[in-house]
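The values are calculated or read from the model by the stated rules, or taken from the named source; none is laboratory data. Everything numeric here is computed off the predicted structure, so don't read it as measured data. Cβ: placed from backbone, ideal geometry, glycine included. Neighbour counts: every protein chain shown. Surface areas here come from the heavy atoms of the whole protein model, side chains and all, with no ligands, DNA or RNA. Shrake-Rupley method; radii C 1.70, N 1.55, O 1.52, S 1.80 Å.
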Amino acid sequence: VVGSGPAGFYTAQHILKHHGGAQVDIYEKLPVPFGLVRFGVAPDHPEVKNVINAFTQTARSERCAYYGNVTVGRDVMVAELRQAYHAVVLSYGAEDNRVLGIPGENLSGVYSARAFVGWYNGLPENRDLKPDLSCETALILGHGNVALDIARILLSPLHLLRKTDITDSSLSALACSKVKRVWLVGRRGPLQVAFTIKELREMINLPGARPVLNPADFTGLENAVKDAPRPRKRLTELMIKTALEKTAEVQAAAPREWGLKFQRSPQEVLPTADGRRARGVRMALTRLEGSGDSAKAIPTGNVEELESGSVTRGQGKDLEPAGSMGTCWPEPCALCARAGLYCSGWVKRGPTGVIITTMNDSFDTAQSVLEDLQVGALDTSTSREGFGAVESILRSRGVRPVSFSDWEKIDAAEVARGKAAGKPREKIVDLQEMLQLIGH
């Protein structure tokens with residue numbers, strides 16, 4: 001299994017549970033496991049990370065082994081894995097950021113949601129992001145849960161964040177933040193937002209931050225959602241209620257605010273006078289064609305400018321068509337028509353859905369492996385060496401894998417550092433430091 005996020009672990013778990021003789025090896029490019037559970041889930045949502053306990057049980061199984069610090073496609077090729085194993089499952093997730101393809105998006109002050117989330121969650125590749133938080137207004141392009149996560153982290157009182165596993169450097173940066181206002185901007189309307197009611201409610205109830213929703217955006221929507229599915233109906237009703245509420249004096253006095261802007265499509269990130277930094281975004285105003293989830297945003301010809309020195313572009317991610325790795329998305333698993341090669345999770349479906357979606361999808365993939373085994377589609381007449389073969393390849397290339405017990409040493413160190421600071425853990429964000437800690 002390539003990738004140790006939820007897709008990888010759920011695939012391994014299902015195979016081990018339903019096949020008493022299977023041996024599963026999990027490869028991961030970082031020394032540390034758990035993928036987006038560690039690096040994607042917001043620090044103030046610790047309950048979502050409880051799946052780590054089940055993944056740990058899987059990794060400790062005597063028929064499962066974890067090999068971290070191994071980049072498939074560089075340290076060992078997929079073709080080499082296919083020679084060493086009877087079946088290979090690619091579960092390495094969404095690797096790349098989708099770009100907007102508009103002028104100015106490379107200006108200083110423009111960030112991808114993935115990098116921003118990686119920054120406050122301690123993803124080693126994003127540790128040096130240093131987002132500019134010196135402006136009063138931040139723009140987030142997107143109306144999904146990740147956009148709400150970022151807005152919530154930007155506006156949360158520090159005393160709440162201090163109790164989470166947010167990285168120390170992010171906390172220090174947020175302590176100096178001048179951001180008072182966050183606009184979440186979407187191309188389509190209130191009926192097409194992708195966030196869920198739980199996340200919206202959490203945002204509405206955020207201490208010290210006031211929601212600013214324009215009642216005009218919701219005119220006539222009560223009728224439009226009468227026959228909508230219940231989750232969509234409840235979500236829309238909550239937005240309408242929030243827009244119409246006469247906010248209490250306490251809320252009105254809140255030092256910070258956030259709001260949703262609809263039917264605006266980014267056309268250009270506008271530069272400061274010296275041409276180096278972002279100072280805002282020019283938006284095309286849109287009208288909707290069609291209804292429901294399939295509605296398309298069509299530019300009306302009118303534009304408006306939103307001022308902001310910090311622009312985060314949404315979560316829509318593209319996958320890395322990494323030559324040697326290959327990718328199945330958006331073609332559902334076209335790659336995996338070859339016997340013995342499978343995929344699960346985001347590399348198969350694209351970056352959509354929550355952990356439970358990935359779990360079901362991974363169980364399906366694991367089931368395909370087991371069925372192929374049963375009907376003889378996988379040739380098991382010859383034994384395969386598995387890690388034995390891969391180990392000599394890695395050794396010849398100077399690569400030392402990190403074991404699960406190595407990870408448990410890193411884990412213990414993080415928890416101890418966190419305890420000293422009164423938080424659940426202090427993540428180590430430097431790869432070299434992780435490797436030194438385990439004597440690599």
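Would you please classify the overall shape of the stretch 28-100 from the alpha carbon gyration tensor, given that a ≥ b ≥ c denote the square roots of the eigenvalues, rounded means a/c under 1.5, and beyond that prolate means a/b larger than b/c while oblate covers the rest? Here the stretch 28-100 falls in the oblate category.
Only Cα pairs under 8 Å and 6+ residues apart enter the sum, and on that basis the relative contact order of the chain stands at 24 percent. If you sort the three axes of the alpha carbon gyration tensor as a ≥ b ≥ c, you get a/c of 1.5 or more for the stretch 165-227 and a/b above b/c, which makes it prolate. From the largest down, the chain spans 70, 50, 41 angstrom on the principal axes of its Cα atoms. Normalised size of the stretch 110-313, defined as Cα radius of gyration per 2.2 N^0.38 Å with N residues, equals 1.04.
Taking the C-alpha atoms only, the angle from helix 6-18 to the longest principal axis of the chain is near 40 degrees. Expressed to the nearest 5 percent, the antiparallel share of DSSP beta bridges inside the stretch 110-313 is 45 percent. So, with a 1.4 angstrom probe, what is the percent of accessible area on the stretch 110-313 that is carbon and sulfur? About 51 percent, which is the carbon plus sulfur part of the accessible surface. Here the chain carries DSSP beta bridges of which approximately 35% are antiparallel, counting only pairs with both residues inside. For the pairs Lys29/Lys49; Lys17/Lys348; Lys233/Lys261; Lys49/Lys233; Lys49/Lys163; Lys198/Lys419, flag any whose C-alpha to C-alpha distance is greater than 26 Å. Too far apart for the 26 Å limit: Lys49/Lys233; Lys198/Lys419. Close amide H partners of Leu270, meaning residues 5 or more places away or on another chain with modelled amide H under 5 Å apart, are Arg279, Gly280, Val281, Arg282. Across Gln192, Gln57, Gln367, mean-square fluctuation computed from a Gaussian network of the chain (C-alpha pairs under 10 Å connected) peaks at Gln57.
Could you compute the net charge surrounding Ala84? Neighbours are other residues with a C-beta less than 12 Å from the C-beta of Ala84; K and R count +1, D and E count -1. Net of charged neighbours comes to -2. Other residues within the sphere of radius under 11 Å centred on the Cβ of Leu221, judged by their own Cβ, net out at 0 (K and R +1, D and E -1).
On full extension, the segment bounded by Glu371 and Arg395 gains 5.2 nm, given 0.36 nm per residue less the C-alpha separation. Its relative contact order, with pairs defined as Cα atoms under 8 Å and 6+ residues apart, puts the stretch 204-310 at 22 percent.
Phi angles across the stretch 304-313 convert, under the Karplus curve 6.51 cos²θ - 1.76 cosθ + 1.60 with θ = phi - 60°, into 3J(HN,Hα) values of 8, 10, 10, 7, 5, x, 9, 10, 10, 8 Hz, Gly and Pro given as x. The distance separating the Cα centre of the stretch 154-178 from that of the stretch 63-80 comes to 35 Å.
Most mobile of Thr242, Thr137, Thr382 per a Gaussian network model of the chain (Cα springs, under 10 Å)? Its mean-square fluctuation being the largest, the pick is Thr382. The phi-based Karplus calculation (6.51 cos²θ - 1.76 cosθ + 1.60; θ = phi - 60°) puts the 3J(HN,Hα) values of the stretch 393-402 at 5, 5, 4, 5, 9, x, 10, 10, x, 9 Hz, whole numbers, x for Gly and Pro. Each other residue within a Cβ distance under 11 Å of Asp132 adds +1 if Lys or Arg and -1 if Asp or Glu, for a net charge of +3. With Cα atoms defining each centre, the stretch 204-273 and the stretch 349-375 are spaced 36 Å apart in the structure.
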